[in-house]
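What follows draws every value from the coordinates through simple rules; no lab data is involved. All values derive from a computational prediction rather than experimental measurement.
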Amino acid sequence: MLNSPPNPKPPTPHLRIGTGYDVHRLVEGRDLILGGVKIPFEKGTLGHSDGDALTHAVTDALLGAMALGDIGQHFPDTAAEFKGVYSIDLLERVNVLVQNRGYSVSNIDATLILQRPKVMEYLPGMCQILAGALAVTVDQVSVKATTTEGLGMTGQGDAVAAQAVCLLIRI
Ligand code: MG
């Protein structure tokens with residue numbers, strides 16, 4: 001309205017949303033760690049860290065929600081201190097950043113995209129570990145898995161992909 005007084009300072013958002021996406025190549029001679037869970041398989045994800053694409057996607061969703069850049073900016077793959085790092089530890093650190101800015105995770109919904117191995121039995125464990133890192137209850141974390149019907153990089157077994165969305169709530 002033309003006659004309304006201007007609002008000089010918009011209110012702090014009550015909710016913030018973020019998305020994350022990650023891909024790691026599957027190679028021999030590496031462990032397969034997804035959502036912090038080590039999964040028995042003949043291949044694992046290549047990466048400077050443990051290559052946990054799911055945890056990276058969740059971490060990027062938190063950073064995105066806070067407009068704090070991305071995981072590569074916070075934990076560069078050129079830094080020796082992050083070589084082989086357990087990515088759940090990085091997620092915990094990002095969650096502290098989020099909390100220090102006055103927000104907490106309301107919920108996470110993530111999808112793992114891979115053809116093999118079958119990961120259904122490991123999904124509850126991933127939810128437990130992610131929830132622990134985020135200091136929330138397990139019913140606030142959802143991890144699903146899908147194949148791509150044999151198509152493309154994930155379908156041909158060349159890579160694992162993951163995507164995640166997170167909602168943050170002001171505390
Ligand atoms: Mg990654």
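Numbers at a glance
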quantity: C-alpha long axis of helix 53-65 to longest principal axis of the chain, angle in °; calculated: 10
quantity: Count of Lys pairs (Cα-Cα under 26 Å; at least 8 positions apart or interchain) in the chain; calculated: 7
quantity: The chain pair-distance distribution - Cα-Cα, 5 Å bins, rounded %; calculated: 2, 9, 18, 21, 18, 13, 8, 4, 3, 2, 2, 1, 0, 0
quantity: The stretch 1-53 versus the stretch 124-171: alpha-carbon centroid distance in Å; calculated: 9
quantity: Normalised contact order of the stretch 10-127, rounded percent, pairs of Cα under 8 Å and 6 or more residues apart; calculated: 26
